Amino acid sequence: MLTTVTPTTPVAPWLGGKRNLARRICAIIDATPCVTYAEPFVGMGGIFLRRTAQPKAEVINDRGRDIATLFRILQRHYPQFLDCLRFQLTTRAEFERLVRVDPETLTDLERAARFLYLQRTAFGGKVSGRNFGVDRARPGRFNLSTLEPMLEDLHSRLAGVVIECLDWSAFIPRYDSPDTLFYLDPPYWGCEDDYGKAMFDRADFQRLADMLTGIKGRFILSLNDVPDVRQTFAAFHLTEVRTTYTISGARNDSAGTRPELLISNYALERA
């Protein structure tokens, strides 16, 4: 049974965050009955948080430890996390200092604060190869007075959500069932290293397709529309949608859009 939930804005940009496709993807997800909703590649929650229907169980996962730590800290240690952020300012010097810090040397609270600061202030929500983002027409990107209400909403939204930090190949079989709906947003084909070295590689696309062939539940997978993707996932329903890319050097067509694929093991009615 699905209950209504208020959509929440992600608290930081994320490369490939699906903002331009979120309304269409969320409409499909919200119209698909399930008992468990699960995301193996949640990122900053661009789809998870914008949904309006909530099933009995929700599970989010990302192999990136910084992401899992941020969500877990927001869920369980929200007041202490705010204290860590209280006096942060938007400065290039602080950005560059934090880029140099090894996150393995930090406490979980410090690690979550570092990650959020870098994601808020980096250009384009990049994770690998971050650069300080500058926009002369907008205020500083890290302002706790505007960020705190967003963090409060996210803290509330994460109540009851299971947060994992697994490889996708371990996560999917663990949460697969006839009543599970997976939404998958892996790196784009050709951009496998955008989220860090060895996080996902080209061979993983075929491994993912093979695993999805045998699952009991339903899935929706979003990827860039290139011939290799169509060939790898040819056994499934392929639904073309149009979106815009604003980073990574991708070029839109004359209409300002590019095709993307929604891949699924059931017919999508609202794409």
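Here are a few things to note about the model shown:
Results for (1) over 22 Å from MET211 (Cα atoms); (2) charged (D, E, K, R); (3) at pLDDT 95 or above; (4) surrounded by 20 or more Cβ atoms within 10 Å (Cβ to Cβ), shown as yes or no for each residue.
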| site | (1), (2), (3), (4) |
| --- | --- |
| PRO13 | yes, no, no, yes |
| ASN20 | yes, no, no, no |
| ASP30 | yes, yes, yes, no |
| PHE41 | no, no, yes, yes |
| MET44 | yes, no, no, yes |
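- Unmet criterion (only one of (1) crowded, with 19+ Cβ neighbours inside 10 Å; (2) over 22 Å from ARG23 (Cβ atoms); (3) modelled with pLDDT of 95 or more) for GLN231: (1)
Matching residues to (1) more than 20 Å from GLY125 (Cα to Cα); (2) over 12 Å from the mean Cα position of the chain (by Cα); (3) modelled with pLDDT under 95:
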| position | (1), (2), (3) |
| --- | --- |
| ARG51 | yes, yes, no |
| PHE71 | no, no, no |
| GLN88 | no, yes, yes |
| ALA93 | no, yes, yes |
| VAL99 | no, yes, yes |
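- Some residue of region 238-247 being out of contact with any Asp or Glu (no Cβ under 9 Å at 6 or more places or on another chain), surrounded by 14 or more Cβ atoms within 10 Å (Cβ to Cβ) and at pLDDT 95 or above: yes
- Residues of region 180-228 that turn out to be of a type in the set (Lys, Arg) and at pLDDT 95 or above, as a count: 3
- Matching residues in region 95-117 - criterion: being more than 21 Å from LEU151 (Cα to Cα) and either touching a His at 6+ places or on another chain (Cβ under 8 Å) or acidic (Asp, Glu) (or both): GLU96, ASP102, GLU104
- Meets criteria (acidic (Asp, Glu) and surrounded by 14 or more Cβ atoms within 10 Å (Cβ to Cβ)) for ASP66: yes
- Only one of VAL42, VAL59, VAL11, VAL99 that is part of a strand (DSSP E or B) and either in the same structural domain as THR244 (by TED's automatic domain parsing) or without any contact (Cβ under 8 Å) to a residue 40 or more places away in the chain (or both): VAL59
Residues checked against (1) in contact with a helix residue (DSSP H, G or I) (Cβ under 8 Å, 6 or more places away or on another chain); (2) part of a helix (DSSP H, G or I); (3) without any contact (Cβ under 8 Å) to a residue 40 or more places away in the chain; (4) among the aromatic types (Phe, Trp, Tyr):
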{"position": "LEU166", "(1), (2), (3), (4)": "yes, no, no, no"}
{"position": "SER169", "(1), (2), (3), (4)": "yes, yes, no, no"}
{"position": "SER177", "(1), (2), (3), (4)": "no, no, no, no"}
{"position": "PRO186", "(1), (2), (3), (4)": "yes, no, no, no"}
{"position": "CYS191", "(1), (2), (3), (4)": "no, no, no, no"}
{"position": "MET199", "(1), (2), (3), (4)": "no, no, no, no"}
{"position": "ALA209", "(1), (2), (3), (4)": "yes, yes, yes, no"}
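Here is a yes/no grid of residues against (1) closer than 16 Å to SER222 by Cα; (2) small (Gly, Ala, Ser); (3) in contact with a Cys (Cβ under 6 Å, 6 or more places away or on another chain):
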| position | (1), (2), (3) |
| --- | --- |
| PRO13 | no, no, no |
| ARG23 | yes, no, no |
| ALA38 | yes, yes, no |
| VAL59 | no, no, no |
| ARG86 | no, no, no |
| PHE95 | no, no, no |
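- Of all the criteria given as (1) crowded, with 16+ Cβ neighbours inside 10 Å; (2) within 15 Å of the chain's Cα centre (by Cα), the one not satisfied by ASP167 is (1).
- Leading residue by the ranking (nearest to LEU2 (Cα to Cα)) among those in region 70-84 that are free of Cβ contacts under 8 Å to residues at least 60 places away in the same chain and in a helix (DSSP H, G or I): ARG76
- Cross-chain or 6+ apart pairs with Cβ under 7 Å, region 213-230 first and among the aromatic types (Phe, Trp, Tyr), then in a loop (DSSP other than H, G, I, E, B): PHE219/ASN265
- Unique residue being acidic (Asp, Glu) and either surrounded by fewer than 17 Cβ atoms within 10 Å (Cβ to Cβ) or not assigned by TED's automatic domain parsing to the domain that holds VAL35 (or both) when the list is ASP193, ASP185: ASP193
- Close contacts from region 113-142, counting a first residue that is hydroxyl-bearing (Ser, Thr, Tyr) and surrounded by 13 or more Cβ atoms within 10 Å (Cβ to Cβ) and a second that is modelled with pLDDT under 85 and in a loop (DSSP other than H, G, I, E, B), with Cβ to Cβ under 7 Å and a gap of 6+ residues or different chains, come to TYR117/GLN88; TYR117/PHE142; THR121/THR90; THR121/GLY133; THR121/ARG141; THR121/PHE142.
The values are calculated or read from the model by the stated rules, or taken from the named source; none is laboratory data. Nothing here was measured: the structure is a model prediction, and the numbers come from that model. With ideal geometry, Cβ positions are generated from the backbone for all residues, glycine too; neighbour counts draw on all protein chains shown.
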